[in-house]
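Here's the structure, in structure tokens; my notes come after.
The values are calculated or read from the model by the stated rules, or taken from the named source; none is laboratory data. Since this is a predicted model, take the numbers as computed values, not measurements. Backbone-built Cβ (ideal geometry, glycine too); neighbour counts: all protein chains shown. For the accessible areas, the whole protein counts, side chains as well, though only heavy atoms, and no ligand, DNA or RNA atoms are used. Shrake-Rupley method; radii C 1.70, N 1.55, O 1.52, S 1.80 Å.
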Amino acid sequence: MTVDATDLIWMNGDFVAWEDAKVHVLTHGLHYGTGVFEGVRCYDTELGPAVFRNAEHVERLLRSAELYYMPVPYSAEELRAATLELIARNGLRSCYIRPIIFRGYGQMGLNPLEAPVDVTIACWEWGAYLGEEGKRSGIRAKVSSWRRISPDSLVPHAKASGQYLNSVLAKVESLKAGYDEAILLDGHGHVCEGTGENVYVVRDGEITTPGQHNSILDGITRRSIIQIARDLGYAVSERNVARAEMYLADEVFMSGTAAELVPVVSIDDHTIGTGAPGEITRVLQAAFDDAIHGRSERYREWLDVVSAPALQTPSGQDALATLGPSGERITGATG
Ligand code: PPE
């Protein structure tokens, strides 16, 4: 999926021009995958552009870094504020946000501990990850021949760059076989997740999703969907899910920041339910859509509003000149 350039990228505390946000070819993370990252979305809401669950994403980012022994020279609050300011300075109303913390240039070899730690945040406008049509009509998935990385070898709970080679293999396999997405099983053969999404099955009105011990990434969308579903009165359980439970389900859907909530209408060529997105999937999709777009009072606390309007000032000058260090608007600074 192509990336449309914006003006600025936040790099180690500075805002640099998009085209200048470069690293050396001997960057440690490029060779050994020693990076941790996040995928976050900002939505255009009536409160202004708002980052969905910004604090939770920053927290998971810092925890991923800790799991790979990376000291981070910025606090959660600094990273949160940098994200908001970046969106404001780029003048975006909605975007995908990609913070990454990685071992930088200057040391090679497997010991990462002496290598510098670089922190950057980029954002750009990014459409539906599995296509608008996928969100509307559902996608076709294939159970991958690749198992999801196991806790025997890596840290499924960390969102680490190198770990994504597993997702890349599964994604390529599914696309080459003519499917939209792969579903990976865990090391024990239980259902785990998609290449970049958590997965859920619905049967007899009950929602089930793999649990923390099934090698999943603990998705922030997943937490949100579970809460929304329970608030709506649905029973949600987290447990081992057998492969055949997906084939036999009334409904299957996936969730992730990039993908949002996507119905799955066939798996390994077995039609799920009626072959159309299911009723509970539709209800949750609509409720989630309301939450991310600020239309639900109940979930307003999940939104981190980009306070500066980040558009043109009335005089037509760039709003950048009127932004303070945390992106707050400085009145009277335009003249
Ligand atoms: N599992 C995996 C492996 C995963 O990568 C994601 C997010 C999820 C589950 C869902 O987590 P959450 O976004 O917190 O609900 N995948 C991110 C990266 C996608 C990419 O192509 O890069 C995302 O959705 O931003």
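Numbers below:
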{"item": "Condition met for Tyr69 (open to solvent by 60 Å² or more (accessible area, probe 1.4 Å), part of a loop (DSSP other than H, G, I, E, B) and among the aromatic types (Phe, Trp, Tyr))", "result": "yes"}
{"item": "Residue check, Gly178 of a type outside the set (Asp, Glu), at negative phi and modelled with pLDDT of 95 or more", "result": "no"}
{"item": "Within the stretch 256-287, considering residues that are away from the ligand (no atom under 16 Å from the Cβ) and of a type in the set (Gly, Ala, Ser), the one surrounded by the fewest Cβ atoms within 10 Å (Cβ to Cβ)", "result": "Gly275"}
{"item": "Tally, over the stretch 219-240, of residues that are surrounded by 15 or more Cβ atoms within 10 Å (Cβ to Cβ) and over 18 Å from Asp289 (Cα atoms)", "result": "3"}
{"item": "Strands (runs of 3 or more DSSP E) within the stretch 86-179 that include 3 or more residues within 16 Å of the ligand (Cβ to nearest atom), touching a residue at least 24 places away in the same chain (Cβ under 8 Å) and of a type outside the set (A, V, I, L, M, F, W, C)", "result": "95-103"}
{"item": "Selected residue (only one of Ile139, Ile149 is surrounded by 20 or more Cβ atoms within 10 Å (Cβ to Cβ) and farther than 30 Å from Pro71 by Cβ)", "result": "Ile139"}
{"item": "Residue check, Tyr129 under 15 Å from the mean Cα position of the chain (by Cα) and either of a type in the set (Asp, Glu) or open to solvent by 50 Å² or more (accessible area, probe 1.4 Å) (or both)", "result": "yes"}
{"item": "Tabulated pairs, the stretch 217-236, first touching a residue at least 24 places away in the same chain (Cβ under 8 Å) and within 15 Å of the ligand (Cβ to nearest atom), second small (Gly, Ala, Ser) and open to solvent by 50 Å² or more (accessible area, probe 1.4 Å), C-beta under 9 angstrom, 6+ apart or interchain", "result": "Ala229/Ala235"}
{"item": "Leading residue by the ranking (surrounded by the most Cβ atoms within 10 Å (Cβ to Cβ)) among those in the stretch 27-44 that are within 14 Å of the ligand (Cβ to nearest atom) and of a type in the set (Val, Ile, Thr)", "result": "Val36"}
{"item": "Strands (runs of 3 or more DSSP E) within the stretch 188-245 that include 2 or more residues hydroxyl-bearing (Ser, Thr, Tyr)", "result": "206-209"}
{"item": "Val172 vs. criteria open to solvent by less than 20 Å² (accessible area, probe 1.4 Å), at pLDDT 95 or above and out of contact with any His (no Cβ under 8 Å at 6 or more places or on another chain)", "result": "no"}
